[in-house]
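The values are calculated or read from the model by the stated rules, or taken from the named source; none is laboratory data. The shown structure was predicted, so the numbers you read here are calculated from the model rather than taken from an experiment. Note: ideal-geometry Cβ built from the backbone for every residue, glycine included; neighbour counts use all protein chains shown. Heavy atoms of the whole protein, side chains included, go into the accessibility calculation; ligands, DNA and RNA do not. Shrake-Rupley method; radii C 1.70, N 1.55, O 1.52, S 1.80 Å.
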Amino acid sequence: MSTELENDLIFVSIAAYRDPQLNATVADCLSKAHKPARLRFGICWQHGDDELPPPYADDDRFQILDIPWRNSKGACWARAEAMKLWRDERWFLQVDSHCRFAPGWDETLIRMMGQTASPKPILSTYATPFTPGPAEVLTGAPLQMGFQGFTPDGIPHMKPLAIPNWHSLHRPLRARFVSGGFLFASGTFVGEVPYDPELYFLGEEASMTLRAFTSGYDLFHPCETIVWHDYVRKDAVKHWDDHTEANKTGVAWGEQDLQSKAKIRKLLLGEPVGGFGLGSARTIEQFEEYAGLSFRLRKAQDYTVRSEEPPNPKLEANWAQEIYSWLVRIRLNSSGFPSDCWGDFSFWYVGIHDENQNEIYRRDLSPQELEPLAAQQPEIELVCELQSGSIPAGWAVWPVSRSRGWLSKIEGQLREEDFTILLEEDE
């Protein structure tokens, strides 16, 4: 490590887009730190005309980029701009602008870095959820990032999962992926894996994961809850709400998203992408073996789907041939739902498990996807496509109501006529 990094400073990188939680996030970050004097902030403040400047604008510990919302180019662009404000601090922390922190979070993260026994560790995960307000409750176990599936574009996407037996862990858990909303690393990360400003949103984490791993970084999940995150963000304005053709803000978000996904697909297949490409310390093939994935075939090993700790057990080179595409039909009777619930659903959890109760498929159905199901009453059929080396055995549907919360879970076993293997040419 270079001499200029031999200090105790933590650079906190925050990209905020019209976020009323920014000031509360910064205040909590400072008040919960064991040594707040060692924090240095780089904030990309993307704001509306009616927003007041942050109250710490004159604090020497802060560097703030003043960006009117119309000039914003998206979350990854803003993260890249904030990252450029790093000034040789020893540690780098990237968090979202709507977070809360555990007491002594700075000391805990530094301690955990040592517990990894890695020369180049990254601590990252999906933060535990919380709801902002006058009486905020910060509880809940630490989470890991589980593999959820491949998008139609071939980009892996992840889901938050509990860490089994986390109370008994004495070290961070090895991880397959990093999160853009909470990432802690050495300050050298800034120069070795700078943020790609051309990315938009979906695929950001897959890209950063692969670039970090091939640059020699080892990936870990914290074994304690360090940060909480507001996932609901009720009434918050998002970048894609503003940056539309109708608002005439330059390139619409949809076009940015298409260009971003095209670049990420090339990166995952090892094709040249210009700047912000792969590292040279490891190969894509080494990551695929470590994580149990095939980007080219868009398949995942069962060990990966079960979110077992990596590295994956070594398999034969043709392991993907044993992973089948399944078409599963779930049939349920809606008579158990409250009569007035259909307009009140927040989402439905839909899960499929194998004979050992391992979840091999999950999808959350949005209110828009649920709307046509109301016409199917009383019997509803859900069609799911998934990949697994295990035979689907059972299913669960768990509706969530806006006003009532989680309703009763509905479960059932699959019959032979409820699932079939899709041939490759049928996919």
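What to note about this one:
- Of all residues making up segment 53-69, the number that are out of contact with any helix residue (DSSP H, G or I) (no Cβ under 9 Å at 6 or more places or on another chain) and among the aromatic types (Phe, Trp, Tyr): 0
- Members of segment 273-312 that are among the aromatic types (Phe, Trp, Tyr), surrounded by fewer than 20 Cβ atoms within 10 Å (Cβ to Cβ) and within 25 Å of LEU143 (Cβ to Cβ): TYR290, TYR303
- Any hit, segment 244-253, residues being at pLDDT 95 or above and more than 19 Å from the chain's Cα centre (by Cα): no
- Residue check for GLY351: modelled with pLDDT under 90 and either more than 14 Å from SER401 (Cβ to Cβ) or more than 23 Å from the chain's Cα centre (by Cα) (or both): no
- Within segment 374-421, the set of residues being touching a residue at least 24 places away in the same chain (Cβ under 8 Å), aliphatic (A, V, I, L, M) and not in a loop (DSSP other than H, G, I, E, B) comprises ALA374, ILE380, LEU382, VAL383, LEU386, ALA396, VAL397, VAL400, ILE410, ILE421.
- Hits in segment 157-182 - residues which are touching a Pro at 6+ places or on another chain (Cβ under 9 Å), assigned to a strand (DSSP E or B), hydrophobic (A, V, I, L, M, F, W, C) and in contact (Cβ under 8 Å) with a residue 40 or more places away in the chain: LEU173, PHE182
- As a summary of the residue check, ASP66 satisfies the conditions (1) out of contact with any His (no Cβ under 9 Å at 6 or more places or on another chain); (2) outside any helix (DSSP H, G or I); (3) loosely packed, with under 14 Cβ neighbours inside 10 Å except for the one numbered (1).
- Extreme residue, farthest from PRO103 (Cα to Cα), among residues of segment 22-63 that are polar (S, T, N, Q) and in a strand (DSSP E or B): GLN46
- Verdict on GLY203 being surrounded by 22 or more Cβ atoms within 10 Å (Cβ to Cβ) and modelled with pLDDT under 95: yes
- Segment 403-418, subset in contact with a Pro (Cβ under 9 Å, 6 or more places away or on another chain) and at pLDDT below 90, residue nearest to LEU332 (Cα to Cα): SER408
- Among the residues of segment 313-331, those that are open to solvent by 40 Å² or more (accessible area, probe 1.4 Å), touching a strand residue (DSSP E or B) at 6+ places or on another chain (Cβ under 7 Å) and at pLDDT below 95 comprise TYR324, ARG331.
- Residue in segment 47-62 that is buried (at least 22 other Cβ atoms within 10 Å of the Cβ) and either under 21 Å from THR209 (Cα atoms) or more than 21 Å from the chain's Cα centre (by Cα) (or both) present: no
- Matching residues, segment 235-277, being assigned to a loop (DSSP other than H, G, I, E, B) and touching a helix residue (DSSP H, G or I) at 6+ places or on another chain (Cβ under 6 Å): HIS243, THR249, GLY270, VAL273
- Any hit, segment 65-81, residues being farther than 30 Å from PRO121 by Cβ and in contact with a Cys (Cβ under 8 Å, 6 or more places away or on another chain): yes
- Residue satisfying all of: in segment 358-403; of a type in the set (Ser, Thr, Tyr) and surrounded by 16 or more Cβ atoms within 10 Å (Cβ to Cβ); nearest to LEU423 (Cα to Cα) among these: SER388
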